[in-house]
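Here is the structure we will look at, set down as structure tokens.
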Amino acid sequence: MNRFVLRSMKQCLVNGQRYYGSGGGGGGLVYGSSVVGRSVHLSGQRNGVMFGGFEWRRMMSSAPASMEKAPSEKKEQEKEETKGKDIVASSYWGISRPTITREDGTVWPWNCFMPWETYKADVSIDLKKHHVPKNFLDNLAYRTVKLLRIPVDLFFQRRYGCHAMMLETVAAVPGMVGGMLLHLKSLRKFQQSGGWIKALLEEAENERMHLMTIVELVKPKWYERLLVLAVQGVFFNGFFVLYLSSPKLAHRFVGYLEEEAVFSYTEYLESIESGETENVPAPAIAIDYWRLPKDARLKDVITVIRADEAHHRDINHFASDIQFQGKELREAPAPIGYH
């Protein structure tokens with residue numbers, strides 16, 4: 001037995017000299033030994049005997065390599081596994097979110113919005129309001145929106161869920177662009193915005209929540225995702241230039257865009273009522289965001305989204321009217337929280 005051990009150690013030293021130069025400092029390389037059939041690892045392990053820069057682990061053991069872990073190593077591995085399951089942010093910066101609960105005492109499950117940001121939509125709003133074009137800019141905005149609707153209708157046809165998804169990826173852009181530009185203007189001119197920065201950013205966030213709800217119901221295909229990327233890139237930059245050059249035209253354009261959104265969601269509701277589209281249960285995110293009943297269905301979700309779009313229609317036409325009168329937005333109080 002002693003001679004066997006000496007021969008094994010001698011072979012290990014030979015292997016160490018042969019591979020030591022080719023290891024390149026890689027601490028994770030593993031080499032096999034033809035003598036005893038055990039793994040030979042580069043140094044860095046806690047247990048074992050070192051020979052020529054290598055470690056010979058339990059050379060004489062008859063147990064499988066997977067069972068050769070010391071109790072301390074097993075405990076550490078169990079701790080790592082438990083740590084992976086319970087992800088807790090570091091408290092080094094002193095930042096932590098307190099436990100938030102619903103009214104019934106259950107833990108609030110969402111990080112993207114808080115209970116105090118939820119609301120009940122005003123579904124009594126007049127859905128038939130329409131701003132009749134009165135001048136060249138009004139006609140330009142109205143006809144542009146009507147023209148853009150043609151290819152969208154041809155592409156989606158009666159796939160109302162996919163149509164709504166595309167609509168929301170576009171509708172969430174104007175509020176963000178307008179709010180951002182008003183923010184920069186406020187910084188440049190040392191002026192208050194009259195609440196319009198917050199109002200427009202609230203609109204953008206509300207439209208984004210529409211999208212987060214729709215994607216729970218409709219899973220976009222790969223080519224629809226590519227279309228979203230292309231449309232968003234073109235529309236964001238185009239609307240950015242439009243808002244810089246003529247904010248009143250930009251808001252009028254969005255007002256007409258929201259009128260078309262109301263019409264599109266009305267078609268969606270009609271397809272649900274006729275049975276063409278299945279009236280599936282409402283997503284959990286929609287139930288919490290709009291404070292819907294627990295047994296709410298798709299019809300209830302589309303109804304409140306349509307009401308939101310009608311409110312956005314009114315806000316943007318109102319903003320455009322202010323500027324057509326030769327005034328600035330900050331001179332009129334913004335409809336903050338106007339969902």
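Quick look at the numbers
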{"quantity": "For peptides 185-192, 166-173, 134-141, sequence by mean Cβ density within 10 Å, most packed first", "calculated": "166-173, 134-141, 185-192"}
{"quantity": "Alpha-carbon centroid distance for the pair the range 114-148 / the range 158-185, whole angstrom", "calculated": "13 Å"}
{"quantity": "Protection proxy ranking of 209-216, 326-333 - average other beta-carbon atoms within 10 Å, highest first", "calculated": "209-216, 326-333"}
{"quantity": "Trypsin sites (Lys or Arg not before Pro) within the range 207-285: DSSP coil, no more than 12 neighbouring Cβ in 10 Å", "calculated": "LYS221"}
{"quantity": "Ranked order, THR101, THR277 - accessible area, probe 1.4 Å, largest first", "calculated": "THR101, THR277"}
{"quantity": "Where labels lie 7 Å past Cα in the beta-carbon direction, separation of PHE263 and SER96 in nm", "calculated": "5.5 nm"}
{"quantity": "Value of relative contact order over the range 136-328, rounded to a whole percent, pairs C-alpha under 8 Å and six or more apart", "calculated": "25 percent"}
{"quantity": "Under 5 Å, built H, 5+ apart or other chain: amide partners of ARG297", "calculated": "ALA282"}
{"quantity": "Exposure of CYS112 as accessible area (Å², to 10), given a probe of 1.4 Å and all protein chains", "calculated": "60 Å²"}
{"quantity": "Mean-position separation - Cα centroids, the range 269-339 and the range 203-249, in angstrom", "calculated": "16 Å"}
{"quantity": "Cα-based shape type of the range 170-242, given that a ≥ b ≥ c are square roots of the gyration tensor eigenvalues and the cut on a/c is 1.5", "calculated": "oblate"}
{"quantity": "Full-extension gain in nm, PHE190 to MET212, via 0.36 nm per residue minus C-alpha separation", "calculated": "4.4 nm"}
{"quantity": "Compactness index (Cα Rg / 2.2 N^0.38 Å), the range 136-328", "calculated": "1.05"}
{"quantity": "Area of THR106 that stays accessible when all protein chains are in place (1.4 Å probe, Å², to 10)", "calculated": "60 Å²"}
{"quantity": "Residue (of PHE240, ILE305, PHE318) at the positive-pole extreme of the range 192-336, dipole from beta-carbon charges", "calculated": "PHE240"}
{"quantity": "Over 32 Å (Cα to Cα) - which of LYS134/LYS221; LYS128/LYS198; LYS146/LYS294; LYS128/LYS185; LYS219/LYS248 fall in this group", "calculated": "LYS134/LYS221; LYS146/LYS294; LYS128/LYS185; LYS219/LYS248"}
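The values are calculated or read from the model by the stated rules, or taken from the named source; none is laboratory data. Model, not experiment: these values are computed from the prediction. All Cβ positions, even for glycine, are placed from backbone atoms using ideal geometry, and neighbour counts span all protein chains on display. Please note that ligands, DNA and RNA were not included when accessible areas were found on the heavy atoms of the full protein model with its side chains. Shrake-Rupley method; radii C 1.70, N 1.55, O 1.52, S 1.80 Å.
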